[in-house]
Amino acid sequence: MILLSCFLHLRPRRCSPLAQLGRGLGPSAGSRRALRVLVDMDGVLADFEGGFLKKFRARYPDKPYIALEDRRGFWVSEQYGRLEPELSEKAISIWESKNFFIELDPLPGAVEAVKQMANLADTDVFICTSPIKKYRYCPYEKYAWVEKHFGPEFLEQIVLTRDKTVVSADLLIDDRPDIIGAEQNPSWEHVLFTACHNKHLQLKPPSRRLHSWADDWKAILDSKRLPPGQAT
């Protein structure tokens, strides 16, 4: 049974990404601080868009739908609402339903890449995901999904938060183009993970993408590493 008494579980040997708020992250002279990477869940690890479309068409077979290649904009419900106003609430009802999140398929290569990432030296990896406001099923199923695909030991690497800007890290890999919150200048660099809804966007330098898990994610991590004694 997965207990949700606390939404933040961290390994004792590692430093919480929330514990660093308001404090410097620099290591002692001559040492190397571990690179901290936040990885979004829906649309980055789990196939939210594909899972949604499959269940929407099954529940509403007579209603119009948006093919994945035609998706534009992060909010699924907004684009469906432009087809027919009633479709916005119907879309929302899909991911508010029991078993939606737990039944999402992993995106190709996602599980293998993140496991490999977590095993790199001087690298701390956390799955940082935002639960929906109607929380009856979502938080539990997110934990269950991680346990199913990554194993129980990875439950300690989950951060559930509605505001990712307050979580301290070096990198955030996320498919949402605009991530805003209480912290106007988050500590992390946002690397946009390519998804059907954002692939048409032109990023302004120095913003960058990770096109898929077959892309060179290691190069992105290495670009953020500094040699001992040069960390800021």
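The values are calculated or read from the model by the stated rules, or taken from the named source; none is laboratory data. Treat the numbers as computed from the prediction; the structure is a model and nothing was measured. Backbone-built Cβ (ideal geometry, glycine too); neighbour counts: all protein chains shown.
Here G109, G151 are screened, and the one residue that is within 26 Å of K199 (Cβ to Cβ) and of a type in the set (G, A, S) is G109. Note on the range 77-108: among residues that are among the aliphatic types (A, V, I, L, M) and touching a residue at least 60 places away in the same chain (Cβ under 8 Å), the one that is nearest to I179 (Cα to Cα) is L107. Checking the range 123-138 against the condition returns no match, with no residue being of a type in the set (D, E, K, R) and either in contact with a Phe, Trp or Tyr (Cβ under 8 Å, 6 or more places away or on another chain) or over 24 Å from I158 (Cα atoms) (or both).
Return yes when K142 is touching a residue at least 24 places away in the same chain (Cβ under 8 Å) and within 21 Å of K54 (Cα to Cα) and no when it is not.
Against the criterion (touching a residue at least 24 places away in the same chain (Cβ under 8 Å) and within 21 Å of K54 (Cα to Cα)), K142 qualifies.
Residues that are surrounded by 15 or more Cβ atoms within 10 Å (Cβ to Cβ) and aliphatic (A, V, I, L, M) within the range 112-124 comprise A113, V114, M117, A118, L120, listed in sequence order. With respect to (1) in contact with a Cys (Cβ under 7 Å, 6 or more places away or on another chain); (2) on the phi > 0 side of the Ramachandran plot, the lone exception for P131 is condition (2).
Filter the range 145-179 for residues that are touching a residue at least 12 places away in the same chain (Cβ under 8 Å) and among the acidic types (D, E); which is farthest from D42 (Cα to Cα)? Taking the candidates together, the pick is D170.
Restricting attention to the range 100-156, the residues that are of a type outside the set (F, W, Y), under 16 Å from the mean Cα position of the chain (by Cα) and part of a strand (DSSP E or B) total 6.
Yes or no, residue by residue, for (1) more than 16 Å from A110 (Cβ to Cβ); (2) surrounded by 14 or more Cβ atoms within 10 Å (Cβ to Cβ):
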site: L172; (1), (2): no, yes
site: I180; (1), (2): yes, no
site: E183; (1), (2): yes, yes
site: L192; (1), (2): no, yes
site: N198; (1), (2): yes, yes
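From the list E69, E103, E112, E49, the lone residue that is acidic (D, E), over 30 Å from K218 (Cβ atoms) and modelled with pLDDT of 95 or more is E103. Among the residues making up the range 47-76, those that are in a helix (DSSP H, G or I), touching a residue at least 24 places away in the same chain (Cβ under 8 Å) and in contact with a Leu (Cβ under 8 Å, 6 or more places away or on another chain) are F48, E49, G50, G51, L68.
Inspect all residues belonging to the range 75-84 and state whether any of them is within 30 Å of D170 (Cα to Cα), modelled with pLDDT of 95 or more and crowded, with 17+ Cβ neighbours inside 10 Å. The answer is yes; a qualifying residue exists.
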